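The values are calculated or read from the model by the stated rules, or taken from the named source; none is laboratory data. Small disclaimer: the values here were computed from a predicted structure and weren't measured. FYI the Cβ positions are ideal-geometry reconstructions off the backbone, even for glycines, and counts take in every protein chain you see.
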Amino acid sequence: SRHYATKPSVLGRLLPNQPVVRAVQDVTLAIARTEILGLVGESGSGKSTLGRVALALEPPTTGKVLFDGTPPGDNLPAFRRRAQMVFQDPQSSLNRSLTIERILESPLVVHRFGNAAARRERIAELLGTVGLRADMMRRYPHELSGGQRQRVGIARALAIEPAFIVLDEPTSALDVSIQAQVVNLLVELQQRLSLTYLFISHDLRLVRWLCDRIAVMYLGRIVEIGPAEALWHAPRHPYTKALLSAVTAETLQPPEAAGDVPSPIRPPPGCAFHPRCPAAGPRCSREAPRDVTANGVTVACHLHDGGVS
Ligand code: SF4
Ligand code: MG
């Protein structure tokens with residue numbers, strides 16, 4: 001079985017903090033059953049927004065979300081049973097005034113799972129599933145370590161046996177020493193329960209290890225998407241290249257794409273990456289690149305569609 005060992009992420013420290021973005025544009029994203037799709041990009045690229053739109057927690061401004069071919073809105077309760085979220089920070093996502101038992105019971109009550117005795121049994125089972133002892137159910141979130149709290153967050157997401165889980169930076173609030181344990185748990189659960197993951201992260205090394213495919217977001221657009229190994233070994237979009245060079249350099253040198261991230265509210269015209277792109281030409285500020293697919297990788301860059309001049 002697979003085992004992940006943590007290495008500190010250089011990228012995470014390199015990237016400037018950006019305000020929350022509401023804008024996600026022209027995104028088409030299909031996730032196959034039991035696939036792990038990684039979604040990477042800087043803070044403010046729209047990753048979390050896209051994750052929330054995928055779970056129908058936020059409406060798409062345009063376009064639509066389909067789950068097994070059906071819009072979630074057709075039967076929202078049924079959709080909620082099948083699609084869940086694990087949040088970045090288990091400290092703030094768990095109600096501190098409730099015991100772990102009450103926290104895990106809540107989704108069971110909402111989705112009408114059995115009687116009190118059946119729910120209690122299910123809670124003990126869930127705790128075991130995420131590697132916690134059953135007697136943890138009597139504790140409060142502040143009595144748990146960060147890693148234990150995130151295991152509870154995962155148990156809560158699993159409570160009603162979903163098929164699809166959006167994980168929004170599920171390990172980035174944890175100590176590096178326990179990140180790998182949680183990642184390994186997530187992989188084990190995905191395999192055992194045949195789960196489908198949308199795994200949001202700024203840690204390209206982790207995403208490469210964990211995911212089948214990677215989607216790279218920049219200012220609300222997916223600029224490159226393809227098999228994880230293809231993106232890692234042969235990135236095509238200049239932004240993907242810059243992200244990768246930041247990881248593999250293992251230094252705090254600015255990547256080629258250094259510089260302030262432009263406002264996502266009013267993105268630059270043409271290719272939104274052009275003010276930071278080392279390969280930009282005259283065409284890039286005039287014309288938005290379209291998606292071009294070759295060998296299973298889709299990229300939105302004029303370099304791969306007739307050139308930049
Ligand atoms: Fe760079 Fe132009 Fe490609 Fe945009 S379209 S990534 S600016 S080369
Ligand atoms: Mg985010």
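Observations, loosely collected:
- Checklist (1) among the basic types (Lys, Arg); (2) in a helix (DSSP H, G or I); (3) more than 16 Å from the chain's Cα centre (by Cα); (4) under 25 Å from residue 226 (Cα atoms) applied to residue 64, failing item: (2)
- The single condition among (1) at pLDDT 95 or above; (2) under 16 Å from the mean Cα position of the chain (by Cα); (3) of a type in the set (Gly, Ala, Ser) that residue 116 does not satisfy is (2).
- Which numbered condition residue 65 fails, given (1) among the aliphatic types (A, V, I, L, M); (2) more than 29 Å from residue 147 (Cα to Cα); (3) within 16 Å of ligand 2 (Cβ to nearest atom): (3)
- A count restricted to segment 204-221 and to residues that are within 16 Å of ligand 1 (Cβ to nearest atom) and either in contact with a Ser or Thr (Cβ under 8 Å, 6 or more places away or on another chain) or under 20 Å from residue 188 (Cα atoms) (or both) stands at 5.
- Taking first residues from segment 131-144 that are over 21 Å from residue 180 (Cβ atoms) and partners that are among the basic types (Lys, Arg) and part of a loop (DSSP other than H, G, I, E, B), the Cβ contacts under 8 Å between residues at least 6 apart in sequence or on separate chains come to 140/96; 141/96; 142/96.
- When the criteria are applied in full, residue 148 meets the requirement of being free of Cβ contacts under 8 Å to residues at least 24 places away in the same chain and polar (S, T, N, Q).
- Just one of the listed residues (261, 297) is more than 11 Å from residue 223 (Cβ to Cβ), in contact with a strand residue (DSSP E or B) (Cβ under 6 Å, 6 or more places away or on another chain) and either at pLDDT below 90 or surrounded by 15 or more Cβ atoms within 10 Å (Cβ to Cβ) (or both), and it is 297.
- Pairing each residue of segment 272-301 that is near ligand 1 (Cβ under 10 Å from one of its atoms) with any residue that is polar (S, T, N, Q) and in a loop (DSSP other than H, G, I, E, B), provided the two are 6+ apart or on different chains, yields C-beta distances under 7 Å for 281/309; 282/309; 283/309.
- Of the criteria (1) of a type in the set (Lys, Arg); (2) at pLDDT 50 or above; (3) assigned to a helix (DSSP H, G or I), which one residue 13 fails: (2)
- Residues within segment 176-197 that are of a type in the set (Asp, Glu) and buried (at least 19 other Cβ atoms within 10 Å of the Cβ), tallied: 0
- The set of residues in segment 119-157 that are more than 18 Å from residue 193 (Cα to Cα) and over 26 Å from the mean Cα position of the chain (by Cα) comprises 119, 120, 121, 133, 134, 135, 136, 137, 138, 139, 140, 143.
- Restricting segment 198-216 to residues that are more than 16 Å from ligand 2 (Cβ to nearest atom) and within 11 Å of the chain's Cα centre (by Cα), the residue that is surrounded by the fewest Cβ atoms within 10 Å (Cβ to Cβ): 211
- Qualifying residues in segment 166-194 (those that are within 16 Å of ligand 2 (Cβ to nearest atom) and not acidic (Asp, Glu)) - the one farthest from the chain's Cα centre (by Cα): 174
Okay, residues lined up against (1) free of Cβ contacts under 8 Å to residues at least 60 places away in the same chain; (2) assigned to a loop (DSSP other than H, G, I, E, B); (3) within 16 Å of ligand 2 (Cβ to nearest atom); (4) of a type outside the set (Gly, Ala, Ser):
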position	(1), (2), (3), (4)
42	no, yes, yes, yes
51	no, no, yes, no
78	yes, no, no, no
91	no, no, yes, yes
98	yes, yes, no, yes
103	yes, no, no, yes
117	yes, no, no, no
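- Residue within segment 175-195 that is more than 16 Å from ligand 1 (Cβ to nearest atom), in a strand (DSSP E or B) and closer than 30 Å to residue 237 by Cα present: no
- Positions within segment 151-164 being surrounded by 17 or more Cβ atoms within 10 Å (Cβ to Cβ) and more than 16 Å from ligand 2 (Cβ to nearest atom), in sequence order: 151, 152, 154, 155, 156, 157, 158, 159, 160, 162, 164
- Residue in segment 264-276 that is buried (at least 20 other Cβ atoms within 10 Å of the Cβ) and within 16 Å of ligand 2 (Cβ to nearest atom) present: yes
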